[in-house]
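A short reminder: the numbers here are calculations on the coordinates, not readings from a lab. Keep in mind the model is a prediction, meaning the values are calculated, not measured. Note that we place each Cβ from the backbone using ideal geometry, even for glycine, and neighbour counts take in every protein chain shown.
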Amino acid sequence: MEYSQKSQEIFFHYGRMGSDLYQYLHREDILVLLNRLPLKEYEHLRSVTFKTCKGGNAFGRVYSKRITGIIICDIASRISISHPKPTKDCLFEYGAIQSLKWPTIAVRRFMLYDVFLHELRHTQIIHPEKKETRYKIPKERLAHEYADYWRGELYQEKFDHPDPVHNLPSEEEKEKLQQYWPIAMKHLQEASKFYGKKEYCKALEAYQIKIEQMKLYHNGRTDSNYDEDKLEQQIKRSHHFCKEKK
């Protein structure tokens, strides 16, 4: 995919990541999305920063005094996003089950085709006659509507790209999500409970079942390591303590 000269001029900065946080988006994700949009939609954008943000529920924002820059926040590595839409809509648009922790691919879709588009709208000046910056840009309702509109437009037709984040979940992905993800999350909860009780062998067994179900869900997709890497440390510790007890 060829990138426009304007998108390649955007400065990307990676700030220091907080502990137990995860960076779901990268430069390439942003560039692909921007180049799917008309140039006028991102002509004001000058920079994108990936960093840890203050406030536990923060996903993204624009700089208060420099609205040409977007901040994409690092967030918890295993997260369940509260979303106002019905479960079936969340499942259809992002590839998530609302009552469970979201898979990495679902969080990435949300961060890219909801959060980033929302913040992009805040970089567009609609009232240039106003003196204060905060009055020049669209308010929250308009930003929300903007993200919904462009997500609908961009997801309307299949986009030829190897990363599934740029398309709606396939029927196969949704089927495997419903079949394997709830079982994986159930055993993750059990593993965490056993680990907290220092029952490390039981925790290790639950972690291993969780990984097996997760691999069946991913079925060779390129985002498989994102979810599995998050559990690597817990599995190693459980294995170490389990061997000690034996």
**Message:** Taking 0.36 nm per residue of sequence separation and subtracting the Cα-Cα distance, how much length would be gained by fully extending the chain between SER170 and LEU142, in nm to one decimal?
**Reply:** 7.1 nm
**Request:** For HIS13 paired with LEU100, estimate the spin-label separation in nm (one decimal), with each label point 7 Å from Cα along the Cα-to-Cβ line.
**Result:** 3.9
**Asked** What order, most packed first, do the peptides 112-118, 46-52 have when packing is the mean number of other Cβ atoms within 10 Å of each residue?
**Response** 112-118, 46-52
**Request:** Could I have the simple spin-label model distance between LYS243 and GLN5, label points 7 Å from Cα toward Cβ, reported in nm to one decimal?
**Result:** 5.8
**Message:** Under the rule of at least 5 residues apart or a separate chain, name every residue whose amide H is placed under 5 Å from the amide H of GLY60.
**Reply:** CYS73
**Prompt:** Given labels modelled 7 Å from the Cα in the Cβ direction, how far is it in nm from GLU153 to LYS236?
**Reply:** 4.6
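So if R0 is 25 Å, what FRET efficiency would LEU216 and GLN189 give, r being the distance between their Cβ atoms, rounded to the nearest 0.05?
Values: r = 18 Å, r/R0 = 0.73.
With a Förster radius of 25 Å, E is 0.85.
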